[in-house]
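One structure is given below, encoded as structure tokens.
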Amino acid sequence: MHRARRIRKKAVLSRSYNASPQDQFRFVAQIRRDYYQVPFDPNDPNLPPGTVQKDYNQEKDGFATFSWVHTFDPGLVFTVSPFYHYNSANYESSPLDIPSSAKEDRASNYEGGQATVSWIKDRNNLRGGLYGFAQQDSQLFALAYHCPSTIDPTIPACFGLGSLTNLDPTKETPEGSLIVLYAEDQLKVTSWLTLNAGLRQTHFSGAVVENATSPRVGASLRVPKLNWVFRAFYGHFYQAPPLLTLSGPLLQEATNNNLGFIPLHGERDEEHQFGVTIPLWGWTLDADHFLTRAKNFFDHNNFNNSDIFFPITIQGARINGWELTLRSPRIRHRAQVYLTYSNQLALGFGDINGGLTDFSFGDGYGLLDHDQRNTLHIGGQYSLPWRSYAATDVYYASGFTNGDPTLPGDHLQPHTTFDLALGKSFGESFSINVQGINVANRRVLLDNSFTFGGTHYLNPREILVQVRYRFHY
């Protein structure tokens, strides 16, 4: 397997100006460009000898945000922040791909803003605001078939394609908008009881028009003397659907392959969560349980064995699990260690009720592609002489779902990696940090599901060097 190559260029600008004791102006801008070469398997029997092919993906991203912060009094602050955001991703697969080569160019423009009011008074911490943006997309799709007109039984990838012809590029320019109005309050009833409540109203307009009301409540209770903190939360969440649609030749081709296309609706989640934090002889133990029930659960699926992926929604999903964190105090004023463990089960059920309707879970449940039962982190940091330190992290994962998530089966092989970091400070302003990621250079298959990300292997050993200098002004 050839290694993927990524080239990133990034620039950030941040400025602030205090016009008066009550008024501050902030400006933040960033531009980023990524270039990816997607690896391939040189031992693939479907490739001609000596083939050197790569898929390419180029991404661009940039945003600019201006903020005005006005303080009416020490407890009442008003902030308004208009913004502009641009994002594009251009993907082109090798012309030698079998059974097809794909091309996808997408660009998105966002114009919007947010206005918030924060008011701290007595035992209340109240926040409210308005957030919204308009979005314009430009999307181009193209698909070229390379399988022979007469199916070659030696090329399993061509099964079912027949004598399909190339599809002409299809360009679409969908538009949409989102407006959110919200309010929330944190009330400290006593020194040991805190209540939280909020309400969010969302209006989405695109291929469909939807409105969602999302209430949220929570509470935390601290047991006096023991200082154990119990917490609980219940809330609803709404995620607007993407603007991507299917029409023209691609829609006709989907129909020819007995596929249907249904407009996408927003995902609606119901979340339950409760946990406890226990301090014990300087150590901190935190345990948390969560359960999420989702309707119109978002995922992605590829079109006709190509490298073009379209968003879909699954009728329902159920994701539940628990997490445990253990963190030590400073040991001999030099070392600190931690452990985090997560156990999770991610299930989907029902039919595809949005996007390409090419599979379903039937009457039962099926594993979602990101179902991974066990995840473990063990690590720590040790202070060295001369204002330097060493840190390490050992990571264990039991493996994601193996293959098609709609079919019952096992999981991919588990894997363990470890990272190492060394750092040193020179005075108050200058510091340097060297990080080694996947130091043992493990190479394992992480994901082979039919999702937007496609097949992923664990990245090889990576060495990162970071230099920081803090200016005084």
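All of the numbers you see were taken from the coordinates with simple rules; none came from a lab. Only a predicted model underlies this, so the values are computations on that prediction, with no experimental measurement involved. Because the Cβ atoms are built from the backbone with ideal geometry, glycine has one as well, and the counts that use them run over all protein chains shown.
Students often check this: by mean Cβ neighbours within 10 Å, which of 384-391, 368-375 ranks highest, and how do the rest follow? Mind showing how you got there, number by number?
On the way: 384-391: 12.2, 368-375: 19.4.
The packing order, highest mean first, is 368-375, 384-391.
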Practice task
Can you figure out the FRET efficiency of residue 109 with residue 458, using R₀ = 45 Å and their beta-carbon distance, to the nearest 0.05?
Solution key: 0.80
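Local charge sum around residue 385 (other residues, Cβ-Cβ under 14 Å, Lys/Arg +1, Asp/Glu -1)? Mind showing how you got there, number by number?
Numbers: positive: 332, 334, 387, 424; negative: none.
Charge balance near residue 385 sits at +4.
Place the peptides 293-299, 219-225, 8-14 in order of packing, highest mean first, counting for every residue the other Cβ atoms within 10 Å and averaging per peptide.
Top to bottom by mean Cβ count within 10 Å: 293-299, 219-225, 8-14.
Which length gain, in nm to one decimal place, applies between residue 58 and residue 429 when the Cα-Cα distance is subtracted from 0.36 nm times their residue separation?
Extra length from residue 58 to residue 429 when fully extended: 130.0 nm.
Once the Cβ-Cβ distance between residue 86 and residue 338 is put in as r, and R0 is 35 Å, what FRET efficiency do you end up with, to the nearest 0.05?
Values: r = 39 Å, r/R0 = 1.11.
So the FRET efficiency works out to roughly 0.35.
In the structure displayed, which of 10/424; 9/171; 10/171; 121/188; 103/171; 10/60 lie more than 20 Å apart, Cα to Cα? If you can, show how the numbers build up before the last one.
Numbers: 10/424 25 Å; 9/171 28 Å; 10/171 29 Å; 121/188 11 Å; 103/171 11 Å; 10/60 10 Å.
Checking Cα-Cα distances, 10/424; 9/171; 10/171 exceed 20 Å.
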Problem - FRET efficiency estimate (nearest 0.05) - Cβ-Cβ, residue 416 to residue 465, R0 25 angstrom - result: 0.50
